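Presented below is the structure to which this report refers.
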């Protein structure tokens, strides 16, 4: 028999054996006495087994771990066109690309041009324009500048403020620079700023909008002689200031000098009013008396008294003799101020005084300042105001250490500057006094109106009577 015939007979035999085995298994599960005919009970059992099998087939695969077949995705890269440039940028329309900067401390015009990759030659051409160099080489931090830089990166227009009311635009067109001056109108308002000292007078005043110069005017010019701001002032004390503010396009650009001010300390009202006498601005009381004293007691602020007026043993010569002034100990280089308005009478070396300055204050009053390490920017014959720095503390001449020797003379006679009654300043009179009262009346009315609203619950302050 051929091999193919043997293979067919074996497969037939295996098939018959499987059928016989299956028949035996089914027969084993059927009840005894099954005669080959299905009864209603047989059909019920078969339906139950079929249902259970279907449930098992549906539930069991859920507990098995799924097999993930990696899917290879087809990726396609598309070249998308960018949106077109606006016509303004495409055609280089002026004013479409302004870069506005505010000058920071340490920056210069040259460094800004370098930051924008603008050639230095362009900057020099700008500085050659009339008035540009005077403004652009004296800029302060915060100054606003603007650069019109289109897409090609070349400077097209440069903008700066010549002053508070004029803005200059310089348009660069090849070798030509065209200038355009724009008027910027301003508005001046007279306002009253009022508040309480709180934790810090400086912080509270700055929060109200007062400038640093205005605050210094309060402490150093108006109330310096009547209020000790280190000891007398409490957080509940209040102040009011009349100033002129300049606004431009909704922005505060300048605050003028203090026109009038009141300071209530411990329930007592101190006031000061600005008035020009002889072309010079001064501050006066409501009665027209100058707040500024003719002389300050100490030409060096916060110095220590090291030697009094009178007889003493000289620290260098070792002999007892009259000390015709007072000594203030201070470190070398400490500024020395003029005690009052004066004409400079002497600047130079004066024997045991070393480097010395003598000032003539008029009406027979003179002062001497000795042992200086250096002179201030003063010369003989020059008229200087009170507080001008006339020199620096030193130990030139007969001195054992750095200090200021200060003398006060009346008609050539030495007086003790710590105890002498200083001459009062000249008050206003005549037409000047009438003009002053008209001016101060309006300012004081403004302050009172504001304070009545803000401090309605506070007790009215009592004015301090001036001698």
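In table form, for the structure just shown:
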{"quantity": "The stretch 317-432: C-alpha pair distances exceeding 20 Å, %", "calculated": "42 percent"}
{"quantity": "Whole-Å distance, taken between Cα centres, linking the stretch 155-193 and the stretch 224-240", "calculated": "43 Å"}
{"quantity": "379, 308, 199 arranged by Cβ crowding within 10 Å, fewest neighbours leading", "calculated": "199, 379, 308"}
{"quantity": "The stretch 325-467, relative contact order [Cα under 8 Å, separation at least 6], %", "calculated": "25 percent"}
{"quantity": "Residue exposure sequence - 350, 254 - by fewest surrounding Cβ within 10 Å", "calculated": "254, 350"}
{"quantity": "Distance between modelled label sites at residue 152 and residue 189, nm, 7 Å Cα→Cβ extension", "calculated": "4.6 nm"}
{"quantity": "Ranked list, fewest to most other Cβ atoms within 10 Å of each Cβ, for 100, 118, 390, 336", "calculated": "100, 118, 390, 336"}
{"quantity": "Inter-label distance, nm, simple model (7 Å from Cα along the C-beta direction), residue 426/residue 322", "calculated": "3.2 nm"}
{"quantity": "Relative contact order (percent, whole number), the stretch 95-183, Cα cutoff 8 Å, 6+ residue spacing", "calculated": "26 percent"}
{"quantity": "Label-point separation, residue 229 to residue 400 (7 Å along Cα→Cβ), nm", "calculated": "3.7 nm"}
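No lab work stands behind these numbers, since they all come straight from the coordinates. The shown structure was predicted, so the numbers you read here are calculated from the model rather than taken from an experiment. Please note: Cβ atoms are built from the backbone with ideal geometry, for glycine as well, and neighbour counts cover all protein chains shown.
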